[in-house]
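Structure first, commentary second.
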Amino acid sequence: MVANVKEVKAKEVTVKRASPEEKRELSFKDEICVGCGICEKICPVQAIELGPINAIERTGVEESKISIDETKCVLCGMCSSVCPVDALEFDIDEKSIKEIEGYPKLIKSAEISDEDCIYCKACETACPRDAITIARVLPDRSKLVTGEIEIDKETCVSCGICEEMCPADAITMEHHEPTSAEPTVSTDINVDKEKCVYCLICKKSCPVDAIKAVCRSCSYGEYDLNPEDTEIKGSSFIDEEACVDCGWCQEICPVDAAHVEKAFEGELLIDQEKCEACGACLEICPCNVLSFPKEEFGKQGAENVRAEEKYCIYCGACEKACPVEAIEVKRTAVKHTPTKSKSWEKKMESLKT
Amino acid sequence: MVELKVDQDKCLGCGNCVVSCPVNGAISPESAGGHGPKTEEVIMMVENGLVKLFNVDKCTQCGTCPLFCPTDAIYLE
């Protein structure tokens, strides 16, 4: 029999077995793991043990979030199939079982449609895992307005007020020390029409009324703007490794450009009577589902901890973290691709509670 | 195996750990209110000005008390 080989690099663990017929490899990424313990629950040979998650997350204990006993592990790949955040990867002959037909995988996804996205960055800010990057290219300010501007250089006294006031840095003066040959403080003044936004600040601030300017957009609207020049362009990117499909992006998006499909359905129940408000669940939850309600002076709140279930992925990490058993996470549906194996099907079903 | 430990040399006897511990609160609700626990069934209590562990087996290593200890006298290791 070929024995399993375990490799530990920092907190990343790999269990391998290479026989002449087949090579199997299970790898665990600690920084992706959320400490939910689903792998521990599904492992058919009890080879996985969840570590002291609270101590690791809250007090900086340097331990791996799970431990894999390579002498027990049969390299079946079930833990990888059900990991809700893909912290466990399982390969057979260097191919992920998520790409091998017949192996069930959780049906979950998160997408941002570039067609609908207006690049407002709300999702980027809200994402609890910092998995979203919105790159946007804004048009030149001057492309959003049109107008006319002229400085009467004869009237101008070169005071420099307009140059100082211009919010678009469109006015420049050629300052110089006066000499007897040229007894002026500036030789010239210019307006960069590529930069000018026709706000008319210069005109209003000029002490000698040397500037004539008019905003055509204010007077006549946007008829002479080129719509292509005013477009906000951009792109969105979701780091699939970091994303846990929590749904924050979908909920916060003002234009329904984000779509999230969750693998688990269920219910999150909090016993407010039992809760001691220690905050362990808040720190463990990978989805920012939980928060402490705002204190209202002189008012005894009914809730110790508030849950916004629409962000919940029903991973159960909070239930495991709670020291006083005040949280119950029920899983009522596990969505996965089909498998012909009855034992796998049964195991997938066992995740329901 | 991670365990709850106490370094009495560092302890100021402030009782933050006793009050913040959610398990203490569940066993002896008055301790969460800031009073001393009324039973030795709790995990830790301040005795003669220093914290003492009474039932360390009840600790779930939730990490709350180390967050509130001003001197790192109570810790998980």
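Pick out the one residue from A:Glu49, A:Glu62, A:Glu40, A:Glu57 that is in a helix (DSSP H, G or I) and either within 14 Å of chain B (Cβ to nearest Cβ) or among the small types (Gly, Ala, Ser) (or both).
Exactly one residue qualifies, and that residue is A:Glu57.
Please identify the pairs in which a residue from the range A:254-280 that is under 17 Å from A:Glu111 (Cβ atoms) and more than 14 Å from chain B (Cβ to nearest Cβ) has its Cβ atom under 8 Å from the Cβ atom of a residue that is part of a loop (DSSP other than H, G, I, E, B) and of a type in the set (Phe, Trp, Tyr), counting only partners at least 6 apart or on another chain.
Listed by first residue and then by second, the contacts come to A:Lys262/A:Tyr314.
Looking for something in contact with a helix residue (DSSP H, G or I) (Cβ under 6 Å, 6 or more places away or on another chain), within 22 Å of A:Cys246 (Cα to Cα) and modelled with pLDDT of 95 or more - is there at least one such residue anywhere in the range A:11-34?
Yes, the range A:11-34 contains a residue that is in contact with a helix residue (DSSP H, G or I) (Cβ under 6 Å, 6 or more places away or on another chain), within 22 Å of A:Cys246 (Cα to Cα) and modelled with pLDDT of 95 or more.
Checking the structure you have, find out if any residue of the range A:91-102 is at pLDDT 95 or above, in contact with a Cys (Cβ under 9 Å, 6 or more places away or on another chain) and not in a helix (DSSP H, G or I).
no
Would you be able to tell me the number of residues in the range A:207-221 that are in a helix (DSSP H, G or I), of a type outside the set (D, E, K, R) and surrounded by 14 or more Cβ atoms within 10 Å (Cβ to Cβ)?
Residues flagged as in a helix (DSSP H, G or I), of a type outside the set (D, E, K, R) and surrounded by 14 or more Cβ atoms within 10 Å (Cβ to Cβ) within the range A:207-221 amount to 1.
Look through A:Glu325, A:Glu296, A:Glu303 and report the one residue that is at pLDDT 95 or above and surrounded by fewer than 23 Cβ atoms within 10 Å (Cβ to Cβ).
Criteria check complete, one pass: A:Glu325.
So which residues in the range A:49-76 are farther than 24 Å from B:Lys5 by Cβ and without any contact (Cβ under 8 Å) to a residue 40 or more places away in the chain, if there are any at all?
Those that are farther than 24 Å from B:Lys5 by Cβ and without any contact (Cβ under 8 Å) to a residue 40 or more places away in the chain: A:Asp69, A:Lys72, A:Val74, A:Cys76.
Sort out which residues of the range A:195-206 are surrounded by fewer than 19 Cβ atoms within 10 Å (Cβ to Cβ) and farther than 13 Å from A:Glu148 by Cβ, and write them in order of number.
Listed by number, the residues that qualify are A:Lys195, A:Ile201, A:Lys204, A:Ser205.
Quick one: count up the residues across the range A:10-37 that are outside any strand (DSSP E or B) and either free of Cβ contacts under 8 Å to residues at least 24 places away in the same chain or not hydrophobic (A, V, I, L, M, F, W, C) (or both).
Residues in the range A:10-37 being outside any strand (DSSP E or B) and either free of Cβ contacts under 8 Å to residues at least 24 places away in the same chain or not hydrophobic (A, V, I, L, M, F, W, C) (or both): 11 in total.
For A:Cys249, only one of the following conditions fails: (1) buried (at least 16 other Cβ atoms within 10 Å of the Cβ); (2) not in a helix (DSSP H, G or I). What is its number?
(2)
Go through (1) more than 8 Å from chain A (Cβ to nearest Cβ); (2) over 10 Å from the mean Cα position of the chain (by Cα) and name the single condition B:Met45 misses.
(2) is the only condition that B:Met45 fails.
What number of residues within the range A:110-132 satisfy the criterion of being surrounded by 14 or more Cβ atoms within 10 Å (Cβ to Cβ) and either assigned to a helix (DSSP H, G or I) or not charged (D, E, K, R) (or both)?
14
Out of all the residues in the range A:1-13, which are crowded, with 18+ Cβ neighbours inside 10 Å and closer than 19 Å to A:Val85 by Cα?
A:Val13
The values are calculated or read from the model by the stated rules, or taken from the named source; none is laboratory data. Values in this document were obtained by computation on a predicted structure and should not be read as measured data. Methodologically, a virtual Cβ is constructed for each residue, glycine included, from the backbone with ideal geometry; neighbour enumeration extends over all protein chains shown.
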